[in-house]
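Asker: Please read through the structure below; I'll follow up with questions.
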Amino acid sequence: MLFIRRVLCLLAIITVNLTGAIRTYSKNDLIKLREEVREMFYHAYDSYLKYAYPYDELRPISCDGIDTYGSYSLTLIDALGTLAIMGNHSEFQRVVDILTAKPDFDANINVSVFETNIRIVGGLLSAHLLSHRAGVKLEPGWPCNGPLLRLAEDVAKRLIVAFDTKTGMPYGTINLRKGIPKGETAVTCTAGIGTFILEFGTLSRLTGDPLYEEVAMNALYSLYNHKSPLGLYGNHIDVETGRWTYQDAGIGSGVDSFFEYLVKGSILLQKPELLEIFHEARVSIDKYLKKDDWYMWVSMTKGQVTIPVFQSLEAYWPGVLSLIGDTASAMKTLHNYHQVWLQYGFTPEFYYIPQSEAGTNRESYPLRPELIESIMYLYRATEDPFLLQAGEDILRSIQHSARTPCGYATIKDVRDHRKEDRMESFFLSETTKYLYLLFDTENFIHNQGQHGTVINTPNGECIIETGGYVFNTEAHPIDPAALHCCHDVPIYSSFDFAELESKRSIFRRDSINERRNYVNKNNCTGPEEKIILNKTEDVAVDEITTESSNSYVKLEDNDNISQKINFETIEDNATVLKETAEEKPEVRDVTKSRKKFDVQEMLERFRKRNKNRRNETWENNYKLLSCKAQPFLQRISILGEFFK
């Protein structure tokens, strides 16, 4: 009876009108919702400071703290960008003072390379670039100099040793002081390889050191060169041998941010080749994974459905599609995901599409941001009031069932809304931030080139804060304009004005009709006719082997190789989930055979290997970035690279 009453109460709160009517939101309505999100954030943030700091995370039921990712005071770093977006400059300054009192990240601890990059490097870089707006006292030479930038580079230098492999793809774990831990597995998830270009590219552009951007690009190229003949990417790969160890292909856990960073990296760094890789991958995704606007998991070598399940982590996908202008496809998929939310009041980690039910032992909702992230992006692109309604549904559910006296708790089971004693840092970094930005339609983040700020830098005058912010996968915003203030872009991405006449056809401006026809024809989603897939697409490929073709490693945001899920043979396009205890992946004692790490030697080795891999046609296809879905500033920044 208690559960029935709670469900009825929640249904009464949720704003969706089942008759199909969409609520109209006034400006005052949006302000009230924005302020409710602000109060939500501070309830959780103040509780963290009171009960959990300096631990990484708050335990909202026990009202105490716990370390989870390396004793970073992680929630403090993750919350910085949200403080700036909400206009709390005094608290932003106070936290910056705490962080900059730390000289470096020298510690004898093992950390996730992926998580440390997106949370620590990304958080520090974003805070560094937001410092001007937040009124922080800046060092001479900012944004090319500053304590937060130095801290970010210190962390990145400690991570870079992970990339010293035969393939250039990184290990999943390093010791901040000693490098690759003894006995570390060489198996890394796809997202753990392809989720560095935003942070490392930003670091290279601000410091002038090409190391970070080149290493991240090398890993992406290496991953691209290991895709299957069907154009699909598996879930886990051995970074020393290039052998796929888990061959399920999907857009969710273990893969997600790889696709996200292809699109966002192309926008932030003006690299058309990243968008080309994404478009090529999307052709295969739509051909093999997409079924009735859902996305399944399939064999990367045969294209056959292996797991007909929706994961809550996949809800980022409509947001990515909105960034390339395909809002029609994005909205159809988002409606599917929103219906799952309405069914339970939350999205479970796994949702079986054929049975329309939450997966056994995967019924939790750890306050994830992906659905509200896509809603925010799509609302900025379409201003469809349905999206405001969907966002309010999320707000109501969290307020009703996740709130505790000391913060907000993970929902252990979406079917009865039982709580679990954890509040991950991404709740303050992402979930509350995207909710706030959905309802705060005039926030500075949404600026699309209407205004900016002129600053003096070592390279002369520079215009910053003109909008077009790109969020990393932890929702840390990066100002793309600032990346042009410090050092020239890599020589292979810039345009030699002396060659203007001979290369005029590449960079010529379109007429209005040409641009309109180009946009209407392709909708900025990439010309499919350019992609030629392997004709023997239904035949297994001999060159790619696997330990178990029907196993799938389930990850959270981090690469936790020990969590596995085994799926029985699929019959009638359905599957049964059961947990099994399997043997651990092969590990090697890399410390015995590895010579002393030389970062310059590694970089030169990568440059030599990649000499024949680069596609100059892709790298110069800047027309691909001229998309109606992208903010005004991002189009202007392309011209700035050529004609500054």
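The values are calculated or read from the model by the stated rules, or taken from the named source; none is laboratory data. Note that the structure is predicted; figures quoted are calculated from it, not measured. Ideal geometry is used to build each Cβ from the backbone, glycine not excepted, and the neighbour counts take in all protein chains shown. Just the protein is used for accessible areas: all its heavy atoms, side chains included, with ligands, DNA and RNA removed. Shrake-Rupley method; radii C 1.70, N 1.55, O 1.52, S 1.80 Å.
Asker: When you check E383 against the structure, is it out of contact with any strand residue (DSSP E or B) (no Cβ under 7 Å at 6 or more places or on another chain), free of Cβ contacts under 8 Å to residues at least 40 places away in the same chain, of a type outside the set (S, T, N, Q) and over 20 Å from Q339 (Cβ atoms), yes or no?
Answerer: It is true that E383 is out of contact with any strand residue (DSSP E or B) (no Cβ under 7 Å at 6 or more places or on another chain), free of Cβ contacts under 8 Å to residues at least 40 places away in the same chain, of a type outside the set (S, T, N, Q) and over 20 Å from Q339 (Cβ atoms).
Asker: In the list L130, L176, L151, which residue meets the criterion of being aliphatic (A, V, I, L, M) and out of contact with any strand residue (DSSP E or B) (no Cβ under 8 Å at 6 or more places or on another chain)?
Answerer: Numbers: L130 fails: out of contact with any strand residue (DSSP E or B) (no Cβ under 8 Å at 6 or more places or on another chain); L176 fails: out of contact with any strand residue (DSSP E or B) (no Cβ under 8 Å at 6 or more places or on another chain).
One residue alone meets the criteria, L151.
Asker: Turning to a different aspect of this structure: Can you find a residue in the stretch 125-139 that is part of a loop (DSSP other than H, G, I, E, B), touching a residue at least 40 places away in the same chain (Cβ under 8 Å) and acidic (D, E)? It would help to see each step written out before you state the result.
Answerer: In the first step, residues of the stretch 125-139 are kept if they are part of a loop (DSSP other than H, G, I, E, B); the result is 131-139.
Then keep just the ones that are touching a residue at least 40 places away in the same chain (Cβ under 8 Å); that gives 132-136.
Now drop any that are not acidic (D, E), which leaves none.
No; the residues of the stretch 125-139 include none that is part of a loop (DSSP other than H, G, I, E, B), touching a residue at least 40 places away in the same chain (Cβ under 8 Å) and acidic (D, E).
Asker: Could you grab me the full set of residues in the stretch 95-119 that are closer than 18 Å to L58 by Cβ and free of Cβ contacts under 8 Å to residues at least 60 places away in the same chain?
Answerer: Here is the first cut: in the stretch 95-119, the ones closer than 18 Å to L58 by Cβ are 95, 98, 115, 119.
V95, I98, listed by residue number.
Asker: Let me ask something additional. Would you tally the residues in the stretch 280-335 being in contact with a Cys (Cβ under 6 Å, 6 or more places away or on another chain) and surrounded by 24 or more Cβ atoms within 10 Å (Cβ to Cβ)? Please lay out each step first, then the result.
Answerer: In the first step, residues of the stretch 280-335 are kept if they are in contact with a Cys (Cβ under 6 Å, 6 or more places away or on another chain); the result is 324-325.
Still in the running and surrounded by 24 or more Cβ atoms within 10 Å (Cβ to Cβ): 324.
Qualifying residue count, the stretch 280-335: 1.
Asker: Taking the criterion of being modelled with pLDDT of 95 or more, open to solvent by 10 Å² or more (accessible area, probe 1.4 Å) and among the β-branched types (V, I, T), would at least one residue in the stretch 136-158 satisfy it?
Answerer: So far as the stretch 136-158 goes, yes, one or more of its residues are modelled with pLDDT of 95 or more, open to solvent by 10 Å² or more (accessible area, probe 1.4 Å) and among the β-branched types (V, I, T).
Asker: Limited to the stretch 431-442, what total is found for residues that are in contact with a Lys or Arg (Cβ under 9 Å, 6 or more places away or on another chain) and open to solvent by less than 10 Å² (accessible area, probe 1.4 Å)? Steps first, please.
Answerer: Of all residues in the stretch 431-442, those in contact with a Lys or Arg (Cβ under 9 Å, 6 or more places away or on another chain) come to 431-432, 435-441.
Checking the rest, the ones that are also open to solvent by less than 10 Å² (accessible area, probe 1.4 Å) come to 431-432, 435-439.
Residues in the stretch 431-442 being in contact with a Lys or Arg (Cβ under 9 Å, 6 or more places away or on another chain) and open to solvent by less than 10 Å² (accessible area, probe 1.4 Å): 7 in total.
Asker: Just to be sure I understand the filter: pairs with C-beta atoms under 6 Å, separated by 6 or more residues or on different chains, first member in the stretch 207-221 and farther than 13 Å from D164 by Cα, second member of a type in the set (S, T, Y) and crowded, with 24+ Cβ neighbours inside 10 Å. Which pairs pass?
Answerer: Note: pairs meeting the criteria are P210/S204; E213/S204.
Asker: Exactly one of these conditions fails for Q450: (1) outside any loop (DSSP other than H, G, I, E, B); (2) touching a residue at least 12 places away in the same chain (Cβ under 8 Å). Give me its number.
Answerer: Result: Q450 fails condition (1) only.
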